[in-house]
Amino acid sequence: MPYGWTGQLLRVDLTKGTAEKEPLNMTWAREYIGGRGLGTRYLYEEMDPTVDALSPENKLIFATGPLTGTYAPTGGRYMVICKSPLTDAVACSNSGGYWGPELKFAGYDVVILEGKAPKPVYLWIENDKTEIRDAAHVWGKTTEETEDMLRAETDPSARISGIGPAGENLNRVACVINDKSRAAGRSGVGAVMGSKNVKAIAVRGTGAVQCADPLEFGQLVFEAMKDINESPTTSSALRGLGTASTVGFTNSVGILPTNNFQAGQFEHANAIGGQTIAQTVLRRNKGCYSCPIGCARVTEIKPGSRWAGRGEGPEYETIFGLGSDCGVGELDAVLYANYLCNLYAVDTISAGGTVATAMELAERGYIPEEDLAEVGTELKFGNADAVMRCLEMMSYPDGKFCSWARRSRTSPPTTPAAPRAWASAMPLRTAAPATCAATR
Amino acid sequence: MKMVLAHPQKCVACHLCEGACSFFHEGAFQPAKTRIFVHDFVDEAVYLPVTCFHCKDAPCLSNCPTYAITRDANGMVQVNDDKCIGCKMCMVACPFSVMGFHEDKNVSHNCDLCGGDPQCVKICTYDALEYAEVEPIEWMVRMDIAEKPAPAAAS
């Protein structure tokens with residue numbers, strides 16, 4: 001019996017509409033240990049690296065590791081692996097929440113999606129039973145609506161991972177969202193899911209993750225828990241203020257991306273920092289599956305603000321992406337932009353970088369008047385309305401922004417002003433490859 | 001008697017207790033066989049860990065047709081596997097839905113306090129679970145407490 005792993009892989013051929021179980025390659029599983037290495041190996045072996053990332057030949061791999069589903073600290077994560085439409089390299093996006101463990105309990109370590117469905121579909125995995133179902137009624141819906149609707153027609157305890165309008169419209173900064181607000185964000189994995197016409201994967205599992213030596217495993221876990229409880233980062237900083245606790249520090253050493261990273265310090269850093277979140281909008285703390293740290297923040301915009309909504313976040317990266325990098329120093333606006341990104345399933349870092357770049361280009365006069373008119377509000381640093389409008393335009397195919405975001409890194413400059421504009425697109429160039437390993 | 005008490009305001013819905021529970025009792029991680037349940041209401045931001053309260057007038061005990069459910073000397077309500085016929089009457093009777101069911105053995109199970117060292121309490125790093133000395137009370141009384149408006153969430 002394979003301990004830790006469940007030893008099964010689910011291969012879904014969307015073109016043919018088949019879903020088949022096969023044994024996991026245990027040699028690879030042992031060689032690479034985690035889901036990231038294992039999934040990358042499958043991609044490396046099975047896919048021609050020259051294919052277009054948004055073509056049916058690309059493969060979308062959902063992979064878990066041997067600790068996923070156990071009570072090992074932070075053992076609730078899963079990877080989404082494919083060829084990235086944003087960087088054209090291997091995309092390894094990572095997300096927490098409850099979806100990964102549920103997949104393990106359903107009996108699978110890895111799900112590989114191949115080909116392209118002729119019409120929008122979603123997958124319903126219930127233990128060893130897999131159905132490819134029609135998703136016409138949820139196509140175009142936001143992630144929250146999709147999750148509620150799919151839970152109602154599958155199982156109230158089902159966990160759902162899927163895309164929003166941005167992924168459907170093949171936006172290259174689209175992400176995959178599970179449990180309403182946890183994102184496998186980077187590298188545009190949502191666009192690949194959209195290109196395959198897959199709206200979501202709903203999972204319900206009642207099986208077990210086995211352990212070879214329960215006594216020793218238990219001991220090791222409790223030792224690790226002790227380390228986590230003693231380390232100041234994990235015990236006080238992340239538990240107390242979440243990843244937003246970093247804002248004060250990065251601002252003080254001058255590396256908080258501000259105004260498209262033209263500056264490293266932001267005058268309103270305190271207003272969008274961890275302390276302010278804890279004192280104003282925080283509803284309560286939350287943790288992903290099997291996580292003793294619990295850095296997630298459940299927040300709500302208080303009544304009386306221009307914006308309204310509730311959800312999870314913001315994380316540090318969201319605060320700089322949609323906040324300081326766009327010059328927005330209003331916490332409610334950052335929160336609302338965060339909620340919008342969750343609903344549309346857009347990566348907050350790449351989206352923030354794209355908007356910030358556009359703002360700098362507009363301020364330097366590289367964007368034609370008619371394109372600016374489409375935004376409807378002045379595209380300049382600090383204008384929160386412009387951020388919201390841009391996020392909307394990015395997610396629905398009704399404007400320039402969608403194509404900007406689509407092109408944002410991969411295609412060569414074409415217009416006369418473009419070479420210098422290209423040089424200004426710094427955040428995407430540097431941030432995307434360097435942080436694709438980051439956990440979010 | 002000592003039993004596992006939950007403080008929902010401190011819970012973050014990490015489900016570590018469910019993992020620890022099934023690991024201790026089954027030797028594997030399987031939330032479907034847990035005896036402590038974390039209900040996460042994501043939209044309402046309410047996370048509710050519940051486990052057996054060993055009620056003074058336990059409805060599971062009085063409704064068991066085979067007398068498989070008994071109360072031990074300490075006051076703990078327990079299921080006798082040999083007598084249980086898997087009819088699930090106790091699951092229907094339990095007002096808090098904290099009776100679990102073991103599909104493989106075809107018997108129901110409730111919190112057995114891990115023989116005096118509850119694993120869920122041990123693993124909870126947020127102090128949301130406590131192994132405390134409390135006297136069992138009637139289920140109706142507990143229901144009345146539960147139906148009162150919840151205190152504001154701790155932040």
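Derivation of every value follows stated rules applied to the coordinates shown; laboratory data play no part. Predicted model, so just to flag it, every value in this text is computed and none were measured. Cβ placement follows ideal geometry from the backbone for every residue including glycine, while neighbour counts extend to all protein chains displayed.
Worth a mention:
- Between residue A:263 and residue B:87, the simple label model (points 7 Å from Cα in the Cβ direction) yields a spacing of 7.6 nm.
- Rg over Rh [alpha-carbon atoms, Kirkwood Rh] for region B:2-143: 0.94
- With Cα atoms as the point set, the radius of gyration and Dmax of region A:1-89 evaluate to 13.9, 40 Å.
- Annotation: for a label point projected 7 angstrom from Cα along Cα→Cβ of residue A:55, residues of region A:176-210 with backbone N closer than 16 Å are A:192, A:195-196.
- Separation between Cα centres of region A:98-120 and region A:270-325, rounded to whole Å: 30
- Prolate/oblate/rounded label for region A:99-247 (Cα gyration tensor, a/c 1.5): oblate
- Across chain A, the relative contact order, built from alpha-carbon pairs under 8 Å that are at least six residues apart, equals 16 percent.
- Radius 15 Å from Cβ of residue B:96, net charge of other residues (Lys, Arg +1; Asp, Glu -1): -1
- Antiparallel %, DSSP beta bridges [both residues in the protein assembly as shown], to 5: 85
- Cα centroid separation - region A:1-48 against region B:76-146, whole Å: 38
- Region B:41-69 versus region A:184-233: alpha-carbon centroid distance in Å: 29
- Chain A: angle of helix A:214-230 to the longest principal axis, Cα-based, in degrees nearest 10: 20
- Per-selection Rg to Rh, the protein assembly as shown - Cα, Kirkwood hydrodynamic radius: 1.00
- Rounded to the nearest 10 degrees, the angle from helix A:384-395 to the longest Cα principal axis of chain A is 50 degrees.
- Percent antiparallel among DSSP beta bridges (both partners in region A:8-204, rounded to 5): 75
- The residues neighbouring residue A:359, those whose beta-carbon lies less than 11 Å from its own, together hold a net charge of -2 under the Lys/Arg +1, Asp/Glu -1 convention.
- Unit charges on C-beta of K, R, D, E only; dipole of the protein assembly as shown, Debye: 500
- Loop-located chymotrypsin sites (Phe, Trp or Tyr not before Pro) in region A:1-108 (DSSP state other than H, G, I, E, B) with a sparse environment of at most 10 neighbouring Cβ atoms within 10 Å are absent.
- Size check on region A:95-155: the Cα extents along the three principal axes, sorted descending, read 29, 26, 22 Å.
- Between helix B:16-26 and chain B: long-axis angle, C-alpha atoms, 0 to 90°, nearest 10: 20
- Förster radius 25 Å - calculated FRET efficiency between residue B:132 and residue B:67 (Cβ-Cβ, nearest 0.05): 0.25
- Prolate/oblate/rounded call for region A:313-358, Cα gyration tensor, a/c under 1.5 rounded: oblate
- Neighbour net charge for residue A:380 - beta-carbon separation under 14 angstrom, K R +1, D E -1: -3
- Chain A: most fluctuating residue of A:260, A:127, A:25 per GNM, C-alpha cutoff 10 Å: A:25
- Region A:1-130 - percent relative contact order, Cα under 8 Å, separation 6 or more: 31
- Extension reserve of the residue B:80-residue B:103 stretch, reckoned as 0.36 nm per residue once the Cα distance is removed: 6.7 nm
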